[in-house]
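What follows is calculated from the coordinates using simple rules that are stated; it is not laboratory data. Just so it is clear, the model here is predicted, and its values are computed rather than measured. Neighbour counts are summed over all protein chains in view; Cβ atoms, including those assigned to glycine, are modelled from backbone coordinates with ideal geometry.
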Amino acid sequence: MKFTETKLKGCFILEPNVIRDERGYFMESFNERTFQNALEQSVHFVQDNQSFSSRGVLRGLHYQTGEFAQAKLVRVIQGEVLDVAVDIRPGSATFGQYEAVVLSAKNQKQFFVPRGFAHGFLVLSETATFFYKCDNFYNKESEGGIIYNDETIGINWNLDAEQLIISEKDTQLPTLANAKKAW
């Protein structure tokens with residue numbers, strides 16, 4: 001597996017070794033020892049989540065705060081999404097900056113989003129099945145979020161606003177300046 005650190009320290013794009021033949025393909029999607037050696041840190045995943053969405057669905061930007069902060073390893077099982085991580089770590093040199101990566105069933109890439117980042121994704125294909133591992137359990141009282149179109153972040157979602165399908169809850173999220181602090 002190839003690990004590439006992004007401009008946001010701690011965020012990695014993972015590209016598995018995919019072995020293809022006339023029968024299809026095989027790949028190792030996760031190996032804890034390989035993962036921890038490459039990241040040079042201990043991350044123990046405790047919860048897996050999966051969602052199914054249609055084209056234009058934007059989920060995010062979400063995070064968990066305090067002792068319930070979560071690191072995520074995300075991938076797409078079916079379809080294609082634009083996956084985004086925003087650095088919300090106080091004092092970070094890249095605070096308020098984002099990284100976007102296209103994840104798809106075809107490219108098999110994964111994205112590791114460490115604690116201290118807001119996360120969201122937009123479905124680019126007709127439908128997508130999105131899968132993610134979390135290193136901490138979800139806690140409703142520790143939810144945090146940032147509005148997807150915060151001008152100070154300036155995320156290019158690659159779709160016009162009228163094409164986006166966003167939950168009522170996510171349209172009410174605050175800007176980064178007014179968001180709940182991560183720690």
Net charge of Cβ neighbours under 15 Å - reference residue 166; Lys, Arg +1; Asp, Glu -1: -2
Local electrostatic count, residue 123, Cβ distance below 11 Å [Lys/Arg +1, Asp/Glu -1]: -1
Estimated [θ] at 222 nm from DSSP helical runs (n ≥ 4, -39500 (n - 2.57)) normalised by residues in the chain, nearest 500: -1500 deg cm²/dmol
Virtual spin-label span in nm between residue 40 and residue 106, 7 Å along Cα→Cβ: 3.6 nm
Around residue 16: net Lys/Arg minus Asp/Glu count, Cβ-Cβ under 10 Å: +1
Farthest toward positive dipole pole in region 122-183 [+1 Lys/Arg, -1 Asp/Glu at C-beta], among 128, 147, 179: 179
Within the chain: Cβ-based charge dipole about Cα centre, in debye rounded to nearest 20 (Lys, Arg +1; Asp, Glu -1): 300 debye
Approximate spin-label separation residue 158-residue 143, in nm, with each point projected 7 Å along Cα-to-Cβ: 2.8 nm
Two-decimal ratio, region 108-178, of alpha-carbon radius of gyration to 2.2 N^0.38 Å: 1.22
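Rg/Rh for region 49-183: what does it come to with C-alpha atoms and Rh from Kirkwood?
0.93
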Per-peptide average of other Cβ atoms within 10 Å, ordering 63-72, 170-179 highest first: 63-72, 170-179
Greater than 25 Å apart at Cα, pairs in 2/140; 133/180; 133/169: 2/140
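Give the peptides 33-46, 74-87 in descending order of average Cβ contacts within 10 Å, highest first.
74-87, 33-46
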